[in-house]
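Presented below is the structure to which this report refers.
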Amino acid sequence: MSHLEGRSDGSLIIIGGAEDRTDTCLILREFVRRAGGIKAHIVVIPAATSYQQEAGDDYTRLFKSFGAETVQAILTKEREDADKYEALEAIAQATGIFFTGGDQARVIQLIKGTLLDDAIHKRHRDGAVVAGTSAGAAIMPDVMIVEGESDTHPRLDAVEMGSGMGFLNGILVDQHFAQRGRLGRLLAALLIEPSVLGLGIDENTAVIVEGDELEVIGAGAVTVVDESNTTFNNMDRLLRDEPLAVFGVSLHILPHGYRFNLSSRQPTAKGDKLPAQGLPLQS
């Protein structure tokens, strides 16, 4: 299945972690704005962290300070909590759903395949905005990076893959990207789990996905890795701890305001509606 088949109507806001929560709060304000602004009904899901109450309270206070009409956190300390009526009723009313950071494997363990999982996807199909930061960003694809080494060259054992929450198909997401030197593990992940694209999202940076377009906002950049036209890799001859080789990878670096079309796999220069063209270097 391509990343566009079965696409939901609601926006996705995928945050690379460590988003500003004390100054301009650009990304989090944009989430609330797109969820309805002062009419927004926000649900915070802190399942990724073992400090669910604290994380839920922090984001609840912040979203309320922006003027959202209602904000509540759903705590899922046990898997059966994800099937409770109160949680399902909260999601049914939500215009924005926010996954906090922590450990992405916990989200899958506690929520994937539950009634809460079904309810979140239904609300997203009906137009609710779904956002996630750090681990909450990692869970967005159908296949996610569970864990892996940073600051390494690509190797088969540099990354562990697993099922994600399935809001994006055929796209891999890695977070804290520049800060933790994760290009090597994203390249390895794309070879292990062939996908259309990889998105490496810096801290305090997000991509907003609407239909087949994504837009970058925030202080850092998004590295788009496209391995669809590679001409060679050595996957068929490697042992797990040996270095990967790959030829012909396309790489795009997109800061705030730049866009990328997921169908054409082409970037768009800031303010333009046509594929970005290289500018001549000044002598």
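The values are calculated or read from the model by the stated rules, or taken from the named source; none is laboratory data. Values in this document were obtained by computation on a predicted structure and should not be read as measured data. Please note: Cβ atoms are built from the backbone with ideal geometry, for glycine as well, and neighbour counts cover all protein chains shown. Ligands, DNA and RNA are excluded from the accessible area calculation, which covers all protein heavy atoms including side chains. Shrake-Rupley method; radii C 1.70, N 1.55, O 1.52, S 1.80 Å.
Observations on the model:
- Residue list for segment 193-223, filter: of a type in the set (S, T, N, Q), crowded, with 22+ Cβ neighbours inside 10 Å and at pLDDT 95 or above: Thr205
- Selection from segment 122-140 of residues that are assigned to a helix (DSSP H, G or I) and of a type in the set (D, E, K, R): Lys122, Arg123, Arg125
- Options Met144, Met165, Met161; residue that is part of a strand (DSSP E or B) and open to solvent by less than 40 Å² (accessible area, probe 1.4 Å): Met144
- Scanning segment 224-243 for residues that are in contact with a helix residue (DSSP H, G or I) (Cβ under 7 Å, 6 or more places away or on another chain) and either open to solvent by less than 20 Å² (accessible area, probe 1.4 Å) or outside any strand (DSSP E or B) (or both) gives Val225, Glu227, Met235, Leu238, Arg240, Asp241.
- Yes/no for Arg185 being more than 30 Å from Thr24 (Cβ to Cβ) and in contact (Cβ under 8 Å) with a residue 60 or more places away in the chain: no
- Residues satisfying the stated conditions in segment 147-158, i.e. outside any strand (DSSP E or B) and either within 20 Å of Phe99 (Cβ to Cβ) or among the charged types (D, E, K, R) (or both): Glu149, Asp151, Asp157
- Any hit, segment 147-160, residues being of a type in the set (A, V, I, L, M) and closer than 23 Å to Val129 by Cα: no
- Taking strands (runs of 3 or more DSSP E) as the structural unit, those lying wholly within segment 1-96 and holding at least 1 residues that are open to solvent by 10 Å² or more (accessible area, probe 1.4 Å) and among the polar types (S, T, N, Q) correspond to 70-73.
- Looking only at segment 249-273, residues that are open to solvent by less than 70 Å² (accessible area, probe 1.4 Å), in contact with an Asp or Glu (Cβ under 8 Å, 6 or more places away or on another chain) and closer than 20 Å to Ile15 by Cα come to 5 in all.
- Yes/no for Phe31 being within 16 Å of the chain's Cα centre (by Cα), farther than 17 Å from Ala138 by Cα and hydrophobic (A, V, I, L, M, F, W, C): yes
- Cβ-Cβ contacts under 7 Å between residues 6 or more apart (or on different chains), taken from a first residue in segment 53-82 that is within 15 Å of Ile27 (Cα to Cα) to a second residue that is part of a loop (DSSP other than H, G, I, E, B) and among the polar types (S, T, N, Q), are listed as Tyr59/Thr100.
- Out of Ser150, Ser163, one residue alone is more than 25 Å from Ser264 (Cβ to Cβ), over 17 Å from the mean Cα position of the chain (by Cα) and among the polar types (S, T, N, Q). It is Ser150.
- Members of segment 168-189 found to be farther than 15 Å from Thr152 by Cα and surrounded by 20 or more Cβ atoms within 10 Å (Cβ to Cβ), listed by number: Leu168, Ile171, Leu172, Val173, Gln175
- Residues of segment 97-112 that turn out to be part of a helix (DSSP H, G or I) and either open to solvent by less than 30 Å² (accessible area, probe 1.4 Å) or touching a strand residue (DSSP E or B) at 6+ places or on another chain (Cβ under 8 Å) (or both), as a count: 5
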